[in-house]
1. Could you go through the stretch 352-359 and let me know if any residue there is among the β-branched types (Val, Ile, Thr) and surrounded by fewer than 22 Cβ atoms within 10 Å (Cβ to Cβ).
2. Using the structure shown, decide if Tyr425 is surrounded by fewer than 18 Cβ atoms within 10 Å (Cβ to Cβ) and more than 30 Å from Val513 (Cα to Cα).
3. Only one of Lys413, Lys464 is surrounded by 21 or more Cβ atoms within 10 Å (Cβ to Cβ) and at pLDDT below 95. Can you tell me which?
4. In the stretch 339-383, which residues are of a type in the set (Val, Ile, Thr) and in a helix (DSSP H, G or I)?
5. Give the residues of the stretch 147-171 that are within 30 Å of Gly36 (Cβ to Cβ) and under 18 Å from the mean Cα position of the chain (by Cα), sorted by residue number.
6. Please state which one of Leu103, Leu75, Leu129 is out of contact with any Pro (no Cβ under 9 Å at 6 or more places or on another chain), more than 30 Å from Ile35 (Cβ to Cβ) and aliphatic (A, V, I, L, M).
7. Could you tell me whether the stretch 265-275 includes any residue that is aliphatic (A, V, I, L, M), within 27 Å of Gln394 (Cα to Cα) and at pLDDT below 75?
Amino acid sequence: MKKNTFLEGAMIATIGIILCKIIGLVYVIPFYAIIGTQGGALYSYAYSIYAIFLSLSNSGIPVAVSKVISEYNTLGYVKAKERAFQMASLVIIGLGIFFFLVLVIFAPTIASIILGDIQGGNTLEGVTLVIRIVATALLIVPIESVTQGYFQGHKIMVPPTMANVIEQLVRVIVIVAGSFVALQVFHLSLETAVGIAVFGATIGCLVAYFYLLRVLKKNKKKIEETALVASHEPRISRKTILKKIIYYALPFVMIDVMNSAYGMVDTLTVVSGLTDLGYDAVTTETAIGVIATWATKLNMIVASIALGITVSLIPNIASSYVKKNWKGVSRKMNQALQALSLTTIPMAFGLSFLAAPVWVIFYGYNALSIDIFRLYIIQAITFSFYTTLVNLIQTMNRTKLGMGILGGSFIVKYLLNVPIMRLCYSIGIPAYYGPIFTTLLTQSISVLLILIIMRIDYQVAYRKTIVLTMKVLLITGVMIGILSIMNLFVPVAVQSRWIAILITILYAGVGAVIYCILGYRHRVFQEVFGNDILDRILKKLHLKKA
């Protein structure tokens with residue numbers, strides 16, 4: 001139990017998030033084999049509705065708690081810090097209960113809207129049942145998230161990261177084992193099996209919450225001993241604290257909503273745009289499926305790095321900002337950008353090169369889907385920078401700027417999606433690349449605008465970051481070049497899932513070794529992580545003498 005530096009915290013959070021995403025991807029293979037297409041649809045119905053209500057009850061407040069606690073902790077306001085945690089807990093428990101009741105009461109109505117007039121598939125009763133079961137998670141997830149925010153506000157990253165991994169592991173075990181036992185051992189109904197699966201969210205979160213409570217109880221004194229204590233702490237009322245939490249939380253909620261709306265643009269425009277250009281239904285529906293759903297899941301492996309960096313960045317930037325330490329803001333911002341360059345660029349280009357075997361592993365062989373994913377994964381780079389920087393400026397109370405950039409990129413994306421599809425079609429490029437080009441363009445412009453504004457307003461210098469990014473691009477290019485030569489002898493274009501797994505492991509291993517050796521020799525890793533952290537990692541891996 002110790003405070004983590006920004007980069008340590010980012011590494012810990014990122015590793016945890018990537019582990020969770022990988023676990024969340026891998027379980028899909030056995031789970032869908034157990035429950036089939038109809039069961040998968042039933043599971044998706046419950047989770048799509050649950051995700052919306054989870055965002056409404058949970059989005060923003062845990063991040064706000066992390067930020068408020070970091071601010072009060074930096075100022076040494078111990079009583080205000082604890083009062084903020086209590087107030088946030090009460091608010092989020094109330095929201096969780098409210099949205100739980102809404103889901104339980106209106107589950108039949110929601111189920112009816114989802115199913116419409118469809119016949120021969122899932123029943124109204126079945127959808128209602130699974131929605132009500134998954135709603136129970138709303139009683140636990142919010143308070144567990146706020147508790148994570150309490151740790152993160154103290155710059156303690158290991159317990160919340162462990163909680164996420166524990167939650168995901170327990171959830172996946174319940175999903176796979178529960179559905180298998182229900183259907184194959186006890187021969188229960190499909191609705192019951194899926195009901196057990198969605199209840200995994202509640203059980204997983206409950207276990208993770210008890211873990212956090214145990215860690216907090218055991219280490220409460222240590223946390224208090226390491227905290228600063230102001231010589232004179234002003235009396236800050238509960239009302240003032242509540243206003244601050246809501247003020248901080250609302251923009252993050254808006255960011256979440258705007259990002260969801262941003263993704264909805266493709267759903268609203270791709271099908272009609274491709275149909276107008278003469279593409280058949282199979283191509284059109286495959287394209288929107290890849291762009292809106294399936295490729296996004298794989299992109300999250302790369303985007304998890306941005307999420308991990310953001311989790312660590314928010315309390316660290318809040319701490320520097322409240323002290324008006326602009327050098328600290330500049331240093332931490334550049335560390336975040338450098339860490340993103342170092343990791344997302346090689347991962348995205350590596351996944352693009354391995355598009356065929358990676359897609360086959362998770363979804364089976366489909367030439368069109370692989371073709372789209374090969375380009376789509378590159379936007380994970382711009383998305384990572386875009387998400388991190390938007391959250392950064394929000395942490396610095398630049399709410400109007402954040403909302404303006406989000407709103408502007410949304411409008412540009414909406415206006416350009418169809419025209420760029422038409423432009424691609426007219427010059428002989430597949431029109432389904434259009435939405436990807438639009439996203440790359442709008443996110444890149446947004447990133448550039450934020451960087452320019454931070455340079456003007458806070459004198460943030462990027463020279464070292466630009467040089468490092470150029471080195472990363474060159475090293476990545478060499479890595480892809482060597483892998484391309486390998487491809488002449490061991491082709492990556494395969495259709496068998498087991499062979500695809502072997503090919504992916506082989507190429508990922510070779511690529512990682514090449515990148516790490518070149519990165520170390522050209523001092524890229526040393527520049528980002530520093531010699532101390534790197535030496536500790538090498539010693540633990542027994543690659544350097546203690």
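1. Here is the first cut: in the stretch 352-359, the residues among the β-branched types (Val, Ile, Thr) are 358.
When the remaining residues are screened for being surrounded by fewer than 22 Cβ atoms within 10 Å (Cβ to Cβ), the result is none.
No.
2. For Tyr425, the condition - surrounded by fewer than 18 Cβ atoms within 10 Å (Cβ to Cβ) and more than 30 Å from Val513 (Cα to Cα) - is not met.
3. Lys413
4. Listed by number, the residues that qualify are Thr343, Thr344, Ile345, Val358, Val360, Ile361, Ile370, Ile372, Ile381, Thr382.
5. Within the stretch 147-171, Asn164, Val165, Ile166, Glu167, Gln168, Leu169, Arg171 meet the criteria.
6. Numbers: Leu103 fails: more than 30 Å from Ile35 (Cβ to Cβ); Leu129 fails: more than 30 Å from Ile35 (Cβ to Cβ).
Of the residues listed, the single one that is out of contact with any Pro (no Cβ under 9 Å at 6 or more places or on another chain), more than 30 Å from Ile35 (Cβ to Cβ) and aliphatic (A, V, I, L, M) is Leu75.
7. Scanning the stretch 265-275 turns up no residue that is aliphatic (A, V, I, L, M), within 27 Å of Gln394 (Cα to Cα) and at pLDDT below 75.
Let's see how each residue does on (1) of a type in the set (Val, Ile, Thr); (2) without any contact (Cβ under 8 Å) to a residue 12 or more places away in the chain:
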| residue | (1), (2) |
| --- | --- |
| Asp371 | no, no |
| Ala380 | no, no |
| Thr388 | yes, no |
| Val418 | yes, no |
| Leu423 | no, yes |
| Ile427 | yes, yes |
| Ile436 | yes, no |
| Ile453 | yes, no |
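The values are calculated or read from the model by the stated rules, or taken from the named source; none is laboratory data. Fair warning: this is a prediction, and the values are worked out from it, not measured in the lab. Note that each Cβ is placed from the backbone with ideal geometry, even for glycine, and that neighbours are counted across all protein chains shown.
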